[in-house]
Protein chains: 2
Amino acid sequence: MSPREMERIVLVRHIDGAPSPDDFRIERVAIPELADGQFLARNQFVSCDPGTRSRLSPGASYAPPLQPGAPVDGFSVGEVIESRNEHFAVGDKVALTGWATHVVSNGRGYAVKLPDLGVPESLWIGILGVPGMTAWFGLKRVAQLQAGERVLVTSAAGPVGATAGQLAKLWGASEVVGIAGGPEKCQWLTQVAGFDRAIDYKAPDFEGQFAAAAEGGYDVMFDNVGNAMIDRALPVMKMRGRIVVSGQVADYNTPVDKVPGLKHTAQFIARRLRMEGLVVFDDLPGFSAAQAELATMIGDGRVRYREEIFEGLASLPAAFCGLFTGASFGRRVIRVG
Amino acid sequence: MSPREMERIVLVRHIDGAPSPDDFRIERVAIPELADGQFLARNQFVSCDPGTRSRLSPGASYAPPLQPGAPVDGFSVGEVIESRNEHFAVGDKVALTGWATHVVSNGRGYAVKLPDLGVPESLWIGILGVPGMTAWFGLKRVAQLQAGERVLVTSAAGPVGATAGQLAKLWGASEVVGIAGGPEKCQWLTQVAGFDRAIDYKAPDFEGQFAAAAEGGYDVMFDNVGNAMIDRALPVMKMRGRIVVSGQVADYNTPVDKVPGLKHTAQFIARRLRMEGLVVFDDLPGFSAAQAELATMIGDGRVRYREEIFEGLASLPAAFCGLFTGASFGRRVIRVG
C-alpha cells in the first residue's frame with residue numbers, strides 16, 4: 001500500500017441472523033489531504049464488539065444502522081502521524097473508531113487523547129475501553145452495587161463480565177457467581193479472576209448448578225447475554241434486585257418475534273425489581289478518572305484480563321463472527337499497526 | 001347476627017386461572033373478647049383489588065399465598081367500636097384489612113387512624129388508599145416524572161390509572177394518553193378526567209390508534225395491565241424512558257409459561273430504558289402527606305374519581321371477579337356497615 005492509502009472494512013450487505021465473514025470486505029482507499037482541524041492517526045489495534053452487530057441490520061438501535069458499502073466503525077487505538085488540529089499532536093496516543101488501518105478525525109465524536117498509564121496500548125480498546133467502562137459504570141451507576149450484596153454475571157469470561165465480576169468483589173460484594181461456556185473458562189473465572197463460583201452453561205446439569213448457586217438469591221444481575229438468562233434469573237432475584245442490561249449477544253442475531261420472551265415479570269412487583277439498559281457513552285465524562293483507577297488495579301494485579309490477539313485487518317471479520325458462537329475467550333483485539 | 005358475631009370471606013380453594021365467585025364463601029364467626037392492646041372496628045367499606053388475586057394461587061408473590069379456609073384480607077375502612085389499645089379510641093376512623101364486617105387488630109400491620117380531611121369515607125380505600133397512593137408514588141418515586149414529559153397510562157379508567165393520568169397532568173406532563181376498554185370509559189377520560197387522548201383497546205383499529213398516539217414517544221409508561229401492553233410500548237418509549245410496573249391484571253390469572261413474553265427488550269439498551277416494579281407499602285411513611293395534598297386536589301375539583309358501590313359483603317366475590325373481565329369502571333367498593 002502506498003503511503004497515502006489505507007485499508008478499511010465495509011459492510012457488504014445488511015445481515016439477517018448470524019454474521020458471516022463474507023458479509024464484510026476490505027477496501028483500499030486514498031487517505032485524503034487533511035483539512036484544517038483534522039488529524040490522521042495510524043491504528044495499532046482495532047476491536048470487535050458484539051454491540052456492533054446491532055448496527056448491521058436495517059432496524060434502528062442505539063446508533064443508526066449502517067448502510068451496505070459503509071465503513072464499519074468499531075473502536076481502535078492508534079497514534080497521531082499528521083495533524084492540523086491544535087489539540088492533537090503527532091505522536092499522541094488516541095482512542096478512535098474505525099475498522100481501518102488509518103483514521104482521519106476532526107477531534108469530535110469519540111476521539112480521546114490517551115494518558116500514559118503505563119499499560120499495554122491494546123487495553124484502551126479492552127478493559128480500559130468500552131468493555132471495562134461498561135462493567136464499571138454498569139455496577140456503579142446502574143446497579144448501584146452495595147457492599148455485602150450477591151452478584152450474578154453472565155458471559156462472565158468475556159471482557160465486560162470478567163471485569164464486572166472482579167470489580168464487584170473489590171467493591172465488597174459478598175459473593176460473585178459467573179456463568180460461562182466450558183470448563184476452561186469456568187476454571188479461569190474461579191482460579192484467576194477470583195469469582196466465588198462459576199457455572200458452565202454447556203454442562204448437562206447446568207440448571208441444577210444454576211439452582212444450587214442461586215440459593216440465597218441475587219441482589220444484582222449483570223447480564224451480557226439476553227432474555228433467556230434474564231428470565232431464568234428473575235425468580236431468584238432478591239427484594240429490590242437490579243438487573244443491568246449490558247449486552248444481548250444471544251439475541252442480537254434473532255428477529256424480535258423469535259427472541260425468547262421475558263415471562264417471569266410478575267417478579268418485578270413481587271420483588272420490586274429494577275431493570276435498566278446501559279450504553280456506556282452516557283458516562284463519558286467519568287471515563288478518565290475510572291480508567292486511572294482501573295489501571296492501578298490492573299497494575300497491582302487486583303484485576304486480571306485476557307486478550308486474544310489477531311494479526312492484520314483481514315482477520316477481523318472472522319474474529320467478529322466468532323463472538324456469537326462462544327468461541328472467544330477474553331477480549332478479541334486485532335493488531336493492524 | 002348476634003352482636004358478638006361477624007361475617008368474613010374465606011378462600012375455598014386455590015385458584016387456577018380466572019377467579020369465580022364460588023372460590024369464596026362467607027362464614028360467620030364469633031368476635032373474640034379483646035386482649036390487652038387490641039381494638040375492634042366495624043367496617044363501613046371493603047375494597048376489591050386486582051392485586052389480591054396474586055395471593056390466591058399457591059406461588060409466592062409480594063405477600064405469602066393464602067391457604068384454603070383462610071380469611072381474605074383486602075383493604076377496609078371502618079370505625080373503632082371497642083378498644084383496649086391506647087392509640088385507638090372508640091369512634092376513631094381507621095383503615096384496616098379484612099374482607100369482613102368487623103376487624104380485630106392489635107394496631108400493628110396496616111392499621112391507620114384516619115384524619116378528618118372532609119372526604120367521603122369510601123375514598124380511604126380508593127383514591128386516598130392503595131390505588132391513589134400507587135399512582136402518586138409510582139409517578140413521583142418510581143417514574144420520577146418531570147414537567148414536559150409524555151405519559152402513557154394503561155387501564156386508565158381504573159382507580160390507579162385515572163389518578164395517575166390526572167396527577168401527571170397536574171405535575172406538568174405535556175401530554176397524557178390513556179388506554180381503556182370501550183367508548184364510555186374513553187369519553188370519561190377525555191371529558192371528565194382531563195386526559196389529552198384516550199385509546200379504546202376494544203376498538204377494531206386499536207393498533208392504528210395506538211401508533212398514531214405514540215408519535216413523539218413516551219417518557220413514562222404507567223402500566224396496570226401486563227406484558228402485552230408493555231411489549232407494545234417498548235418500541236415507542238423515548239430515550240431514558242421509565243416503565244412503572246404497577247399492576248398486571250391481564251397476567252395474574254395466567255400460568256407463567258402462558259404469560260405473553262416481553263420481546264422488545266433490545267430497546268432497554270437502545271433507549272436506556274428503566275423498568276421497575278412497585279408495591280406502594282414501601283412508601284407508607286409518605287402516605288399521610290400525600291393523602292392530605294390529594295384530598296385538597298379532590299376537594300377543589302382538580303382530581304376526579306369514579307366509584308361503583310356494591311351493597312353487602314355477599315356482593316364482594318362477584319364484584320372482585322368482575323375486575324378481570326373489564327366490567328369495572330372506577331373503584332369498586334362494598335358497603336358493609
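To keep it simple, each residue is scored yes or no on (1) hydrophobic (A, V, I, L, M, F, W, C); (2) under 27 Å from A:Asp49 (Cβ atoms); (3) within 23 Å of the chain's Cα centre (by Cα).
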residue	(1), (2), (3)
A:Thr154	no, yes, yes
A:Val160	yes, yes, yes
A:Leu170	yes, yes, yes
A:Val176	yes, yes, yes
A:Gly181	no, yes, yes
A:Val192	yes, yes, yes
A:Ala213	yes, no, no
A:Ile230	yes, yes, yes
Would it be correct to say that B:Val303 is more than 7 Å from every other protein chain (Cβ to nearest Cβ) and surrounded by 22 or more Cβ atoms within 10 Å (Cβ to Cβ)? yes
Please state which one of B:Arg240, B:Arg232 is closer than 21 Å to A:Gly59 by Cβ, at pLDDT 95 or above and either at the interface with chain A (Cβ under 7 Å from one of its Cβ atoms) or assigned to a helix (DSSP H, G or I) (or both). B:Arg232
All but one of (1) in a loop (DSSP other than H, G, I, E, B); (2) surrounded by 15 or more Cβ atoms within 10 Å (Cβ to Cβ) hold for B:Gln291, so report the exception by its number. (1)
Of residues in region B:239-256 being of a type in the set (A, V, I, L, M, F, W, C) and buried (at least 17 other Cβ atoms within 10 Å of the Cβ), the one nearest to the chain's Cα centre (by Cα): B:Val249
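List the strands (runs of 3 or more DSSP E) inside region A:74-143, counting only whole elements, that have at least 2 residues being within 14 Å of the chain's Cα centre (by Cα).
Values: elements: A:75-83, A:93-97, A:102-105.
Strands (runs of 3 or more DSSP E) meeting the threshold: A:75-83.
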Taking region B:215-229 as the search range and keeping residues that are outside any strand (DSSP E or B) and touching a residue at least 24 places away in the same chain (Cβ under 8 Å), which one is farthest from the other protein chains (Cβ to nearest Cβ)? B:Gly216
Which residue is surrounded by the most Cβ atoms within 10 Å (Cβ to Cβ), if the candidates are limited to region B:33-70 and must be modelled with pLDDT of 95 or more and in a strand (DSSP E or B)? B:Val46
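Does A:Val333 meet the test of being among the β-branched types (Val, Ile, Thr), in contact (Cβ under 8 Å) with a residue 12 or more places away in the chain and assigned to a loop (DSSP other than H, G, I, E, B)?
Numbers: among the β-branched types (Val, Ile, Thr): yes; in contact (Cβ under 8 Å) with a residue 12 or more places away in the chain: yes; assigned to a loop (DSSP other than H, G, I, E, B): no.
So A:Val333 fails the test.
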Of the residues in region B:244-257, those that are at the interface with another protein chain (Cβ under 9 Å from one of its Cβ atoms) and outside any loop (DSSP other than H, G, I, E, B) come to B:Val245, B:Val256, B:Asp257
Would it be correct to say that B:Gly138 is buried (at least 16 other Cβ atoms within 10 Å of the Cβ), farther than 25 Å from B:Val249 by Cβ and in contact (Cβ under 8 Å) with a residue 60 or more places away in the chain? no
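Please work out if B:Thr296 is at pLDDT 95 or above, within 22 Å of the chain's Cα centre (by Cα) and either more than 12 Å from chain A (Cβ to nearest Cβ) or over 27 Å from A:Ser246 (Cα atoms) (or both). Quick ask: steps written out before the conclusion?
Numbers: at pLDDT 95 or above: yes; within 22 Å of the chain's Cα centre (by Cα): yes; either more than 12 Å from chain A (Cβ to nearest Cβ) or over 27 Å from A:Ser246 (Cα atoms) (or both): yes.
Considered against the rule, which asks whether it is at pLDDT 95 or above, within 22 Å of the chain's Cα centre (by Cα) and either more than 12 Å from chain A (Cβ to nearest Cβ) or over 27 Å from A:Ser246 (Cα atoms) (or both), B:Thr296 comes out as yes.
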Sole miss for A:Phe268 among (1) within 9 Å of chain B (Cβ to nearest Cβ); (2) over 25 Å from B:Val244 (Cβ atoms); (3) surrounded by 19 or more Cβ atoms within 10 Å (Cβ to Cβ) is condition (2)
Region B:194-209: number of residues that are more than 12 Å from B:Ala162 (Cβ to Cβ), surrounded by 14 or more Cβ atoms within 10 Å (Cβ to Cβ), within 24 Å of the chain's Cα centre (by Cα) and not β-branched (Val, Ile, Thr): 4
So which pairs qualify, if the first residue must be in region A:277-292 and within 11 Å of chain B (Cβ to nearest Cβ), the second must be hydroxyl-bearing (Ser, Thr, Tyr) and part of a helix (DSSP H, G or I), the Cβ gap must be under 8 Å, and the two must be at least 6 apart or on different chains? A:Leu278/A:Thr134; A:Val280/A:Thr134
So which of B:Gly91, B:Gly107 ends up being surrounded by fewer than 21 Cβ atoms within 10 Å (Cβ to Cβ) and in contact (Cβ under 8 Å) with a residue 40 or more places away in the chain? B:Gly107
Look at region A:24-70 and say how many of its residues are farther than 20 Å from A:Met6 by Cα, in contact with a Leu (Cβ under 7 Å, 6 or more places away or on another chain) and either without any contact (Cβ under 8 Å) to a residue 40 or more places away in the chain or more than 14 Å from every other protein chain (Cβ to nearest Cβ) (or both). 2
Residue within region B:3-12 that is in a strand (DSSP E or B) and surrounded by fewer than 16 Cβ atoms within 10 Å (Cβ to Cβ) present: yes
Return yes or no: is A:Ala319 in contact with an Asp or Glu (Cβ under 9 Å, 6 or more places away or on another chain) and not acidic (Asp, Glu)? yes
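Run down B:Ile81, B:Ile9 and say which single residue is in the same structural domain as B:Ala318 (by TED's automatic domain parsing), more than 30 Å from B:Gly161 (Cβ to Cβ) and of a type in the set (A, V, I, L, M).
On the way: B:Ile9 fails: more than 30 Å from B:Gly161 (Cβ to Cβ).
After applying the criteria, what remains is B:Ile81.
The values are calculated or read from the model by the stated rules, or taken from the named source; none is laboratory data. Remember, it's a predicted structure, so these values are computed and weren't measured experimentally. Positions of Cβ are generated from backbone atoms using ideal geometry, with glycine treated the same way; all protein chains shown enter the neighbour counts.
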